[in-house]
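Notes for the one structure printed next.
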Amino acid sequence: MRNMAPMLIVLVLLAAGVMGFMALRNAALDRRLDGSVIGLGGLPIWLKDGDIAVKKSHPRLSPKLSDLSHRLLPLYDIDLNDDADDPETSQEVIRQATQRNIRAKDYWTKLDDLPSLVLLPKWTSGMMLTKVAHDETLINPAFFPSLFRQMRLSGLRLDRAGADFVTDRLGTGEKYEVALFQAQTFAPDSLPTACREHTRFGDGVLIVACNWSDISHETLIVSDPDLMNNHGLSLAQNAGFARALISELTADDARPVYVDTSPGLLTSIDKGQAERRDYTRSSSDLARFFDYPFSVLWSMLMLVLALLLWRGAKRFGPVLSEDDRRIEQSKTAAIAAKARLLRLSGNDGQMVADFVRGQVLDLTTRTFGPNLGEAGQKRYFDHLARRDAGLASAFHASVDELITSGPNMPRAELHRALETYRHLLERVVDTHEPARISETR
């Protein structure tokens, strides 16, 4: 069980790392979508330049509904149900066409909270990746009837103008030339009873205004998102019409427009309001702990952990096997047993003599190399005498005294001679040796 603890710690860290990576990946994909050609990253900037107050959704901010005038909701999901079971619908195609999922319950709550302007989806993720407007990057019109049923727009039909630009002059006061490529409009004869025509474009309807009995506010639905996305704002006078439309909706309301690019419910109601509304949270809320600036902290933590693991493995080497541990323990036990036997037999002097003899041999080996025997020790003392004759003579005498007479010395005299030896050895090592000898002999 003790050996399982490191494995469990590693598994937990790996799981946390995977979760952090997925959360960071999802956050990066969201930012990438908003900044892409089909995203709405440029619209808030454009509206602010026209003195229209704007607040963009942020996963860590919950603005009050009473502080907002309208909600601008881009829809990238072509199936609002969590568990679509249509046998004739290709789930892989839906996954590729849907860039940001939103549940039907959250969608209707958003519409009930604020007057909203909804942008229908038009392009698949292929448009975001290739930045090429082509028939292959358009969402298949066959998927829209199912989406319209979920949006309570049954019977509504979309028309596509084909691979060409369609232009029209729009606006209640000043007219703006609006141009749309692969223009996507509602068929005028297919509008549901709950909806009315708001803005016409060519032979179709670009914007419809819908009122449902259980929804508190009117909702405008734009058939073609190119009217306001990053790609469309650069065409003709689309940007001017988009700003005029938002300005007309807000009228004299100075409160900001809420550009809601989040699939979840982030807005909050006033605490003094009598009505209570409970918002459900999902696993996506965990991503807030890995969003900036927490992502930087997690990255630093993972780097420090990796450095510690690497340093530990580099400094202490691989884990010893059981056989290696037994050999090490056997050597230690043998040395301890020999020392205990010498103490029990009263041979402390012999133990000291062996210790001193080993240290002198170590000094000789460090200076001239191994396997020199007594000749090497004599050569070492001669070498030491040429540098400091007084120290060499005193150290040689102390060594000879402990080796030859140590086994027969009384305990008090042995301690005195050993202390003298220790001081002399420190002077020799500090003054004349390139490195200290091992004290573990």
For strands (runs of 3 or more DSSP E) lying entirely in segment 105-205, having 1 or more residues that are more than 18 Å from Asn229 (Cα to Cα) and not acidic (Asp, Glu) picks out 158-160, 165-170, 184-186, 195-201
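Conditions tested, residue by residue: (1) free of Cβ contacts under 8 Å to residues at least 40 places away in the same chain; (2) closer than 12 Å to Ser223 by Cβ; (3) not small (Gly, Ala, Ser).
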{"site": "Ser154", "(1), (2), (3)": "yes, no, no"}
{"site": "Leu158", "(1), (2), (3)": "no, yes, yes"}
{"site": "Leu170", "(1), (2), (3)": "no, no, yes"}
{"site": "Leu180", "(1), (2), (3)": "no, yes, yes"}
{"site": "Ala187", "(1), (2), (3)": "yes, yes, no"}
{"site": "Gly202", "(1), (2), (3)": "no, yes, no"}
Of Leu158, Leu206, Leu120, the only residue that is at negative phi, touching a Lys or Arg at 6+ places or on another chain (Cβ under 8 Å) and at pLDDT 90 or above is Leu206
Residues of segment 382-431 being buried (at least 16 other Cβ atoms within 10 Å of the Cβ) and modelled with pLDDT under 80, in sequence order, are Gly406, Pro407, Leu414, Leu418, Val429
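If only one of Pro74, Pro87, Pro115 is modelled with pLDDT of 60 or more and under 21 Å from Asn140 (Cα atoms), which one is it? Lay out the reasoning, then the answer.
Numbers: Pro87 fails: modelled with pLDDT of 60 or more; Pro115 fails: under 21 Å from Asn140 (Cα atoms).
After applying the criteria, what remains is Pro74.
The values are calculated or read from the model by the stated rules, or taken from the named source; none is laboratory data. If you're wondering where the values come from, they're calculated on a predicted model, not measured in any experiment. With ideal geometry, Cβ positions are generated from the backbone for all residues, glycine too; neighbour counts draw on all protein chains shown.
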